[in-house]
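Before any comments, here is the structure.
The values are calculated or read from the model by the stated rules, or taken from the named source; none is laboratory data. Please read all numbers here as calculations on a predicted model, not as lab measurements. All Cβ positions, even for glycine, are placed from backbone atoms using ideal geometry, and neighbour counts span all protein chains on display. Ligands, DNA and RNA are stripped out before the accessible areas are found, and what is left, the full protein with its side chains, is counted by its heavy atoms. Shrake-Rupley method; radii C 1.70, N 1.55, O 1.52, S 1.80 Å.
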Amino acid sequence: MRSTHLQSRILSSAALTVALAFPFAIRAQNRSRAMITKPINENLLHRLAGNTRSQANASNDAGRVEDGLNLDHMVLQLKRPPEQEQAMQEFIASQQEPSSPNYHRWLTAEEIGDNFGPSPDDIAAVTGWLQSRGFTVHSVHPTGMTIDFSGTAGQVRSAFHAEIHNLNVNGTAHIANMSDPMIPDALAAVVQGVVSLHDFMPHAYSKPHAAYTFTSGSSTDHAVVPADLATIYNMNTSFSNGTIGKGQTIAVVEDSDMYSAADWTTFRKTFGLSGYTTGSLTTVHPAGTGSNNCIDPGVNSDDIETELDAEWASAAAPGAAIQVATCANTRTTFGGLIAVLNLIKATSKPTIISMSYGECEAENGAAANAAYDSAFQAATAAGISVFVAAGDEGAASCDAGATGATHGVGVSGFAVSQYDLAAGGTDFSDTSSGTASTYWSKTNGATFGSATGYIPEIPWNDSCAGSVLSKYLGYTQYGTGSLCSSSTASTDGLLTVTGGSGGPSGCFSGSPSTTGVVGGSCKGYAKPSWQKVGDGVRDIPDVSLFASNGLWGHYYVFCYSDRRNGGSSCTGAPSTWAGAGGTSFSSPILAGIQALVNQQTNQNWNLPAKVYYGLATTNPGVFHSVTAGDNVVNCSGSVQCFGATTSSGGGGGRRGGGGGGGGQTANGALSTSSTTFSPAYAASNGYNFATGLGSIDVGALLAAWGH
């Protein structure tokens with residue numbers, strides 16, 4: 001007998017607790033109602049809006065791919081009935097409440113599917129439709145939220161009414177769908193969309209160490225090693241007390257194997273971590289269901305990300321088990337997403353996941369944004385803490401790799417999920433304030449550390465539009481008198497969109513009028529109840545840690561012996577080793593800090609961000625508030641760019657009247673207003689978009705965290 005609407009909702013926290021002891025009963029009581037209520041008519045179509053890349057345009061078009069091109073292991077993202085989504089959210093909230101019988105009661109992937117997944121009838125209808133269109137359905141994820149299927153470009157064109165074309169993007173070959181996919185209208189209530197029909201993979205959030213002219217070779221160059229991290233963020237007492245992450249497994253999800261596991265061992269030995277004998281390293285390729293969708297990727301150019309993630313997670317939690325979870329990218333699906341989905345259903349799950357990849361939400365697409373949110377939600381319900389790098393582009397995440405922002409404010413579609421902690425980036429203020437001798441010893445210790453204590457922080461910002469850098473070098477922040485409009489900016493590599501990312505979610509769902517620019521029918525991710533700051537949408541980052549790649553003479557050192565991709569032999573003094581920055585470091589380090597919390601409290605914490613915001617109110621001493629500087633980047637064009645002028649007479653391209661004039665070309669600064677300069681974004685007391693709640697005093701965090 002079909003359940004009633006009332007029965008399809010979660011009964012109550014208490015009822016669910018009882019039912020979980022009797023799984024067959026709960027399946028009968030809480031199974032979702034069917035959403036597919038009419039015959040599938042191929043002539044009545046629904047467009048899956050917001051799922052076409054900006055690169056899929058006429059100027060890049062190199063013609064349709066062959067119909068026989070194999071597209072293996074595509075992912076179809078489903079959605080549950082609204083009442084079941086609300087029930088899922090309520091259950092996760094109850095997992096956080098000590099008074100609830102569901103407190104820290106973690107679900108298996110199967111329990112998530114049985115109690116909160118789409119109706120089995122709906123899943124059967126969707127899989128049946130895929131098969132009727134010639135696709136091979138490999139598996140339905142146990143949560144019921146994704147379907148793994150394969151087919152050809154011709155089958156995609158026929159079923160989804162979307163042609164896959166070859167593209168030539170700045171000399172690089174790609175493939176992508178040239179229009180939004182469409183599905184029969186009858187399926188629209190259940191199908192969110194195909195996660196990806198292109199091969200533009202997310203990018204890693206790390207930046208190689210750069211020797212900037214105005215600081216290179218000066219006495220202010222102080223690289224950060226694990227001993228420095230422990231001193232600056234107050235970890236040493238915890239380590240001495242045996243709080244080292246013992247018993248915890250941190251999975252860093254990747255799309256490349258490590259170049260050499262020996263690098264991790266050398267890193268730990270050199271920096272005094274090998275004495276923590278419970279620390280370990282393994283590489284796994286978490287298996288999928290049915291036809292395995294997780295293939296060993298081997299070593300590729302992303303191996304640098306894999307190594308730094310594994311090493312610096314271990315630096316923060318030297319007694320933890322580090323699990324490198326790697327899956328190869330398929331032609332259209334990011335291996336990191338495959339790894340996360342497969343880890344959730346694994347028999348032996350990690351307690352913590354760190355992901356150092358991302359893509360701006362207005363470019364990532366509505367289906368992909370939903371897919372990462374859904375995966376992180378399932379991980380949270382399963383008791384796994386998820387940490388995600390916020391990004392390395394200041395507030396302009398849709399302009400990664402550019403010399404100036406043209407798309408306005410944008411944030412990572414991965415990091416905006418309420419089910420992860422978004423990790424931002426800072427830099428140290430000692431060089432700009434001339435106080436380096438106060439915070440760094442003249443000599444290194446036995447494990448190469450030289451920091452003497454906490455160092456005041458500013459937002460990490462490599463751009464010539466940053467207020468701290470502009471003032472330091474004697475320039476204005478925008479216009480013809482700005483650093484960005486000077487020859488110094490180009491000579492010193494400062495025309496860049498690089499810095500710790502942050503801002504409000506603006507295009508998690510819907511479709512932008514211009515791809516990559518918030519607008520059109522875009523909607524931001526709704527504000528979670530525990531984030532009582534900012535505006536009505538999810539804001540990132542949540543917290544930040546040092547992430548600079550050397551602008552002010554500070555960067556991270558790690559062992560990376562792949563010389564083909566910029567590494568070096570890990571011999572001699574670490575000053576000759578590889579160096580980098582980026583929120584790729586913040587995420588695994590924060591994951592390591594969570595391992596310390598888990599060990600001390602002897603339990604998992606599946607939603608650490610909620611705890612952090614609570615502590616910001618009750619124990620503000622946990623955080624180092626960042627109040628000076630900003631993550632403003634240089635920009636041009638007409639989208640949220642203040643102070644830019646063009647070479648046409650009278651400054652006709654100028655927005656808002658700020659800076660410049662007389663027809664000179666000048667760079668602007670990213671701003672939330674076109675009439676006044678409203679920096680996107682400035683640091684301030686309390687929460688701010690540049691650094692979130694600030695950085696962490698780990699000793700204070702452990703003392704304040706409840707049991």
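Could you list log10 I(q)/I(0) for the stretch 513-653 at q = 0.10, 0.15, 0.18 Å⁻¹, which the Debye formula gives when each Cα is one point scatterer?
Debye intensities relative to I(0), on a log10 scale: -0.63, -1.11, -1.22.
Please work out how much accessible surface residue 517 shows to a 1.4 Å probe, ignoring ligands, DNA and RNA, in Å² rounded to 10.
Approximately 30 Å² of residue 517 is accessible to the 1.4 Å probe.
Stretch residue 532-residue 261 to full length: gain in nm at 0.36 nm per residue minus the Cα-Cα span? Numbers along the way, then the final one.
Working: separation 271, 0.36 × 271 = 97.56 nm, distance 4.24 nm.
This chain segment gains 93.3 nm when fully extended.
Can you tell me the length gained on complete extension of the stretch residue 62 to residue 277, counting 0.36 nm per residue apart and subtracting the Cα distance? Before the final figure, lay out the partial values.
Numbers: separation 215, 0.36 × 215 = 77.40 nm, distance 5.50 nm.
That works out to 71.9 nm of additional length.
Taking only C-alpha pairs under 8 Å that are 6+ residues apart, what is the relative contact order of the stretch 374-419 in percent? Could the numbers behind the result be given before it?
On the way: 42 pairs, mean separation 16.5, N = 46.
Relative contact order of the stretch 374-419: 36 percent.
Where Rh is the Kirkwood radius over the Cα pairs of the chain, the temperature 10 °C and the viscosity 1.306 mPa s, what D in µm²/s does Stokes-Einstein return?
On the way: Rh = 25.8 Å.
The Stokes-Einstein estimate is 62 µm²/s.
Each residue of the stretch 389-404 in turn: what ³J(HN,Hα) in whole Hz from Karplus with 6.51, -1.76, 1.60 and θ = phi - 60°, glycine and Pro shown as x?
With the stated coefficients, the stretch 389-404 comes to 4, 6, x, 10, 10, x, 8, 10, 5, 7, 10, 4, x, 7, 8, x Hz.
Once the other residues with Cβ under 13 Å from the Cβ of residue 127 are scored (Lys, Arg +1; Asp, Glu -1), what is the net sum? Before the final figure, lay out the partial values.
Values: positive: 133; negative: 121, 122, 148.
Taking every Cβ under 13 Å from that of residue 127, the sum is -2.
Using helices alone, I'd like the mean residue ellipticity at 222 nm for the chain: each DSSP H run of four-plus residues gives -39500 (n - 2.57), total over residue count, nearest 500.
Working: 21 runs with 184 residues, N = 707.
Taken over the chain, the calculation gives -7500 deg cm²/dmol.
What number in nm² do you get for the stretch 378-478 if you take the convex hull of its Cα atoms and divide its surface by four? Provide the component values of the computation, followed by the final result.
Numbers: hull surface 39.4 nm².
Taking the Cα atoms of the stretch 378-478, their convex hull projects to 9.8 nm² on average.
Where nothing but the Cβ of Lys and Arg (+1) and of Asp and Glu (-1) is charged, how large is the charge dipole of the stretch 480-588 around its Cα centre, in debye to the nearest 20?
Details: 6 positive and 5 negative charges, 45 e Å.
Dipole size: approximately 220 debye.
Between residue 452 and residue 124, what's the calculated FRET efficiency when r is the beta-carbon distance and R0 is 51 Å? Round to 0.05. Display every interim value, and only then the final one.
Numbers: r = 64 Å, r/R0 = 1.26.
About 0.20, to the nearest 0.05.
Give the relative contact order (percent, whole number) for the stretch 90-148; include only Cα pairs under 8 Å separated by 6+ residues. Let's see the in-between values first.
On the way: 47 pairs, mean separation 17.0, N = 59.
So the answer I get is 29 percent.
Can you list residues whose amide H is under 5 Å from residue 387's amide H, if they're 5+ apart or on another chain and H is modeled 1.01 Å from N?
Correct list: 353, 354, 355, 421.
Choose one of 378, 341, 241: the residue whose Cα lies farthest towards the positive end of the charge dipole of the chain (beta-carbon charges +1 Lys, Arg; -1 Asp, Glu; about the Cα centre).
Working it through, the farthest residue towards the positive pole turns out to be 378.
Cα atoms only, the stretch 318-362: Rg and Dmax in Å?
Cα radius of gyration and Dmax of the stretch 318-362 are 12.3, 39 Å respectively.
Relative contact order (percent) for the stretch 189-324, with alpha-carbon contacts under 8 angstrom and 6 or more residues of separation?
Details: 143 pairs, mean separation 48.0, N = 136.
It comes to 35 percent, rounded to a whole number.
What number of lysine-lysine pairs in the chain show an alpha-carbon separation below 21 angstrom, given a sequence spacing of 8 or more or placement on distinct chains?
9
Rg(Cα) of the stretch 265-337 divided by 2.2 N^0.38 Å?
On the way: Rg = 14.3 Å, N = 73, 2.2 N^0.38 = 11.2 Å.
So the Cα radius of gyration is 1.27 times the expected 2.2 N^0.38 Å.
Residue by residue, what Karplus-based ³J(HN,Hα) values in Hz, rounded to whole numbers, does the stretch 158-175 have, using 6.51, -1.76 and 1.60 with θ = phi - 60° and x for Gly and Pro?
Each residue's phi maps through the Karplus curve to give 6, 7, 9, 6, 9, 7, 9, 10, 6, 10, 10, 10, 6, x, 10, 7, 9, 10 Hz.
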